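Just below is one structure, and these are the notes that go with it.
The values are calculated or read from the model by the stated rules, or taken from the named source; none is laboratory data. Just so you know, these numbers come straight off a predicted model, no measurement behind them. Here the Cβ positions follow ideal geometry from the backbone for every residue, glycine too, while neighbour counts run over all protein chains shown. Calculation scope for accessible area: heavy atoms of the full protein, side chains included, ligands and nucleic acids excluded. Shrake-Rupley method; radii C 1.70, N 1.55, O 1.52, S 1.80 Å.
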Amino acid sequence: MPHRTLLFVLFDGVQSLDVTGPLEVFAGAEKHTPGTYRIRTASLDGGPVRCSSGLTLVPDEALTAVSDPHTLVVPGGQGTRAPDPRLVDWLRAHGPRARRLVSVCTGAALLAAAGLLDGRRATTHWAYCDKLARDHPAVTVDPEPIYVRDGDVATSAGVTSGIDLALALVEEDLDRDVALTLARHLVVFLRRPGNQAQFSAQLAAQTAQRAPLREVQRWVTEHPAGDLTVESLAARARLSPRHFARAFRAETGTTPGRYVDQVRLEHARRLLEDTADSIEEIARASGYGTPEAMRRAFVRALGTPPAEYRRRFHPAPAR
């Protein structure tokens, strides 16, 4: 198998973890299976760049001197907010020549500025999804997944999700066993599926302003197996069901039903990851009632059934 050349684009204000996280994954794969990857870094003029943290990175070469890579990786960081026009021009000219185009975090903004995401589905850090969608209406921005694959273009969410995407690419290039070996070495357990949500139900939903609604949010989180119908929750908030549903959505940004679904899914995921409870026990404890109901919820939200989710994320027992 010939080398796949990976080129990491560096610029002032880059987020160091967006570079080093994925780079360590690919470097680990190269050590595991020599001859898989040839990793290079480059800045516009070949000079050192200063990361948003103050760390200085010294690239291998100048972008003007590199040959077209197999995989072009564009990290994010503060430097994407007002990028050097020369960098955008270089991406516009050279991005289409790469066999695979990858962005980490707000690196998606650079790809979008170069027109490389037009007509595609993409993601970025959740805090910048709305801006990406406003600035680039030709891009279909999905704020929920930790990474999105659309043909030969892959975009990932904030910082550590770049590691998840890199592991997925290693699995594609080599095999699952290598990816799992690297994931364990990096202490990220197992690779997360790309459609896993960027953040928990509690973080995804805003905290309600009114105390009765905040109490309902707390109750749902602490009692996922309870009676969580709109009528029951409305009674707890001492509101009519119609008024409650309207007020809950206005203050949290989501409906009561969707919030309950997210909390139950998150609860079930934690039990699958952290306990040896049976699928039946977890389905009851998480409010699904039956394993089949939980299976449908997992496939709909994560694209994988509970048993497969546990296989991916439950730590292997110590030997």
**Asked** Would it be correct to say that ALA208 is over 32 Å from the mean Cα position of the chain (by Cα), among the small types (Gly, Ala, Ser) and surrounded by 14 or more Cβ atoms within 10 Å (Cβ to Cβ)?
**Response** no
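Keeping to the stretch 236-246, report how many residues are assigned to a loop (DSSP other than H, G, I, E, B), surrounded by fewer than 17 Cβ atoms within 10 Å (Cβ to Cβ) and not polar (S, T, N, Q). Spell out how you get there, then give the answer.
Here is the first cut: in the stretch 236-246, the ones assigned to a loop (DSSP other than H, G, I, E, B) are 238-240.
Retained after the next criterion (residues that are surrounded by fewer than 17 Cβ atoms within 10 Å (Cβ to Cβ)): 238, 240.
Going one step further and asking which of them are not polar (S, T, N, Q), we end up with 238.
Here the count works out to 1.
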**Fill in**
Subset of the stretch 38-55, residues more than 20 Å from ARG81 (Cβ to Cβ) and free of Cβ contacts under 8 Å to residues at least 12 places away in the same chain, comes to PRO48
**Fill in**
Taking the stretch 11-37 and keeping residues out of contact with any strand residue (DSSP E or B) (no Cβ under 8 Å at 6 or more places or on another chain), touching a residue at least 24 places away in the same chain (Cβ under 8 Å) and either of a type in the set (Val, Ile, Thr) or on the phi < 0 side of the Ramachandran plot (or both) leaves LEU17, GLY21, GLU24, VAL25, GLY28, HIS32, THR33
**Request:** Return yes when ALA297 is free of Cβ contacts under 8 Å to residues at least 12 places away in the same chain and either open to solvent by less than 50 Å² (accessible area, probe 1.4 Å) or closer than 17 Å to GLU144 by Cβ (or both) and no when it is not.
**Result:** no
**Request:** Take the stretch 53-83 and flag every residue that is crowded, with 16+ Cβ neighbours inside 10 Å and in a loop (DSSP other than H, G, I, E, B).
**Result:** PRO59, VAL66, PRO69, HIS70, PRO75, GLY76, PRO83
**Prompt:** Would the stretch 247-255 turn up any residue that is part of a helix (DSSP H, G or I), more than 28 Å from PHE298 (Cβ to Cβ) and open to solvent by less than 40 Å² (accessible area, probe 1.4 Å)?
**Reply:** yes
**Prompt:** Being open to solvent by 60 Å² or more (accessible area, probe 1.4 Å), over 21 Å from the mean Cα position of the chain (by Cα) and either at pLDDT 95 or above or more than 26 Å from ALA168 (Cβ to Cβ) (or both), is that true of even one residue in the stretch 100-120?
**Reply:** no
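Among the listed residues ARG242, ARG296, identify the single one that is under 24 Å from PRO143 (Cβ atoms), at pLDDT 90 or above and not hydroxyl-bearing (Ser, Thr, Tyr).
Working: ARG242 fails: under 24 Å from PRO143 (Cβ atoms).
Testing whether each residue is under 24 Å from PRO143 (Cβ atoms), at pLDDT 90 or above and not hydroxyl-bearing (Ser, Thr, Tyr) leaves just ARG296.
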**Request:** Give the residue, chosen from LEU213, LEU265, LEU233, that is out of contact with any Ser or Thr (no Cβ under 6 Å at 6 or more places or on another chain), modelled with pLDDT of 95 or more and either outside any helix (DSSP H, G or I) or open to solvent by less than 40 Å² (accessible area, probe 1.4 Å) (or both).
**Result:** LEU233
**Prompt:** Can we say THR124 is surrounded by fewer than 22 Cβ atoms within 10 Å (Cβ to Cβ) and among the polar types (S, T, N, Q)?
**Reply:** no
**Complete:** Reported set for the stretch 96-112 where residues are over 18 Å from ALA138 (Cβ atoms) and of a type outside the set (Val, Ile, Thr) is ARG97, ALA98, ARG99, ARG100, CYS105
**Request:** Tell me, please, whether a residue that is farther than 18 Å from ARG311 by Cα, touching an Asp or Glu at 6+ places or on another chain (Cβ under 8 Å) and among the charged types (D, E, K, R) can be found in the stretch 248-271.
**Result:** no
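For ARG258, indicate whether it is surrounded by fewer than 19 Cβ atoms within 10 Å (Cβ to Cβ) and over 13 Å from ALA225 (Cα atoms).
Values: surrounded by fewer than 19 Cβ atoms within 10 Å (Cβ to Cβ): yes; over 13 Å from ALA225 (Cα atoms): yes.
The answer is yes for ARG258.
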